[in-house]
Amino acid sequence: MGLHGGQFTTMRIPIETFHLENGLFVTLSEDHTAPIVAVNLWYHVGSANEKLGRTGFAHLFEHMLFQGSAHVGSNEHFELIQRAGGTLNGSTWLERTNYFETVPSNELALALWLEADRMGELLPAMTQEKLDTQRDVVKNERRWAVDNQPYGTMLEKMQELVFPPSHPFQHSLIGSMDDLTAASLDDVAQFFSTYYTPDNAVLSIAGDFDPADARRLISEYYGPIPRGKGKPPLAPMNLPPVFGKRLREVVHDDVSLPRLFTVFRSPVFGSENYYAASVTSAILGLRKGSRLHRSLVRERQIAADASAFTFDLAKGTDLLVIDVTARPETGVSQLEEEVEREIDLLYRAGVTESEVGRAIALIETDLVASLQSAGERADRLSMFATYFARPELINEQVDRYRAVTAKRVNDLVSERFGQDNRASLLYVPKEGVESDNVLAAAASTG
């Protein structure tokens, strides 16, 4: 990777890859620093793959996969890993679902076997009772984490606001109560056999293991699992680079402080311009030295908190989000005006090379630190393998960021930060809304 600015580059992560005959893509990264090993499985299915009227399946499955398979009892997956001294979990996103374990090195076979048993033999253990139980768990999670959590509806309201109704990213990740109620055992079994197949999965192992041993275990446990029958294509994902007009929604919610999310369409994760967008978000809102924090929180004391980030979506369009929470004494219209002023300043005057350098240094530090963890390393390998079939991209990230210049950031800003590409999702406290005439007028037109 060469030298840059007098710095030595980060360590290169060793990577071996192979495919099984059934299509399973395997990535191995050996590292004997600590006596632990991470097993990470990504399935290329997320809420984007759900059909109208059947939302929430990808997330429901994340729960169902811990309810036992042909040779593993309900919740036994958790018990076996924890008893072995390991940790585990799963998560669902718009484009993927993942499952992961980190265990002592001598327990690699256990983690691999458990994941193989549920990939190959979940359906024999799936019952109506388990479906009913997990459906209720997900509904409770929705009530707790979305409907009754301050700002908890942010993700789904943002998706509804910024994606057209026909777009695969438009509907709720956790799903609607009605769709969850309507899900039958047949629906669920069909979703599983369509998407939870070896040819739609990536298995990554990182940490302290013997590659020959790992290959033997993988062939033995995963080799016999049949490949899938193919999955239906996604609806068209492509969108213009900008919204084409201002978008705005006001949400009156049980919150104590106004909070404004400003969203921009942004280049997809992994594309050349993604790195300029990622650096832009860091300049605006990565930690306390960032523009928004310095200006709105520290100097002007308008905001209690301010940050910016990208969603890292690899299809269609990514989103860049500015997230600013008001201080108790800040009015709603003032919050909007101040955030708008910061965006206009960026759009008009651009950024400097020194700002770009600071942002890249922060991103690089975070990147290198995260890769010290076997679990994080396995997850990144799975991500690059799933989205691009190139896990070795993990070793190119630092160089891709270091190639970003102020000119590239300013070109991106002039294309993406204009009035035609700004969406505002504004949360305001329910009580006292009527007294703010400006807000009432704005809400009626929003």
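The values are calculated or read from the model by the stated rules, or taken from the named source; none is laboratory data. None of these values were measured; they are calculated from a predicted model. So basically every Cβ, Gly included, is an ideal-geometry build from the backbone, and we count neighbours across all protein chains shown. Protein only, heavy atoms only, side chains kept; ligands, DNA and RNA dropped before computing areas. Shrake-Rupley method; radii C 1.70, N 1.55, O 1.52, S 1.80 Å.
Observations
- Single match in Lys130, Lys157, Lys139 (criterion: closer than 30 Å to Ile225 by Cα, in a helix (DSSP H, G or I) and touching a residue at least 40 places away in the same chain (Cβ under 8 Å)): Lys130
- Count of residues meeting criterion [closer than 27 Å to Leu94 by Cβ and open to solvent by less than 10 Å² (accessible area, probe 1.4 Å)] in the stretch 282-302: 6
- Those residues of the stretch 306-364 which are surrounded by 17 or more Cβ atoms within 10 Å (Cβ to Cβ), polar (S, T, N, Q) and outside any loop (DSSP other than H, G, I, E, B), in sequence order: Ser307, Thr310, Thr325
- Output for the stretch 385-404, where each listed residue is farther than 18 Å from Thr365 by Cα and part of a loop (DSSP other than H, G, I, E, B): Ala389, Arg390
- Lone qualifier among Met154, Met126, Met158, Met177 - being of a type in the set (A, V, I, L, M, F, W, C) and open to solvent by less than 10 Å² (accessible area, probe 1.4 Å): Met158
- Residues of the stretch 51-86 that are touching a residue at least 40 places away in the same chain (Cβ under 8 Å), open to solvent by 20 Å² or more (accessible area, probe 1.4 Å) and within 18 Å of Arg142 (Cβ to Cβ): Gly53, Arg54, His63.
- Which numbered condition Phe192 misses (of (1) at pLDDT 90 or above; (2) open to solvent by 20 Å² or more (accessible area, probe 1.4 Å); (3) part of a helix (DSSP H, G or I); (4) touching a helix residue (DSSP H, G or I) at 6+ places or on another chain (Cβ under 8 Å)): (2)
- Taken over the stretch 236-251, the criterion of being in contact with a Ser or Thr (Cβ under 6 Å, 6 or more places away or on another chain) and aliphatic (A, V, I, L, M) is satisfied by Leu239 alone.
- Figure legend. Inter-residue proximity from the stretch 239-264: first residues on the phi > 0 side of the Ramachandran plot and of a type outside the set (Phe, Trp, Tyr), second residues modelled with pLDDT of 95 or more and surrounded by fewer than 20 Cβ atoms within 10 Å (Cβ to Cβ), beta-carbon distance below 9 Å, spacing 6+ or different chains. Indicated pairs: Gly244/Asp420.
- Some residue of the stretch 397-416 being hydroxyl-bearing (Ser, Thr, Tyr), more than 23 Å from the chain's Cα centre (by Cα) and farther than 30 Å from Ser166 by Cα: yes
- Being under 19 Å from the mean Cα position of the chain (by Cα) and surrounded by fewer than 21 Cβ atoms within 10 Å (Cβ to Cβ) is a property that His32 lacks.
- Among the numbered conditions (1) outside any loop (DSSP other than H, G, I, E, B); (2) open to solvent by 30 Å² or more (accessible area, probe 1.4 Å), the only one that Lys245 does not meet is (1).
- Considered as a group, the residues in the stretch 205-231 that are in a loop (DSSP other than H, G, I, E, B), open to solvent by less than 70 Å² (accessible area, probe 1.4 Å) and of a type outside the set (Val, Ile, Thr) include one that is nearest to Phe192 (Cα to Cα), and that residue is Gly228.
- Identity of the residue in the stretch 129-151, open to solvent by less than 50 Å² (accessible area, probe 1.4 Å) and among the aliphatic types (A, V, I, L, M), that ends up nearest to Leu426 (Cα to Cα): Val146
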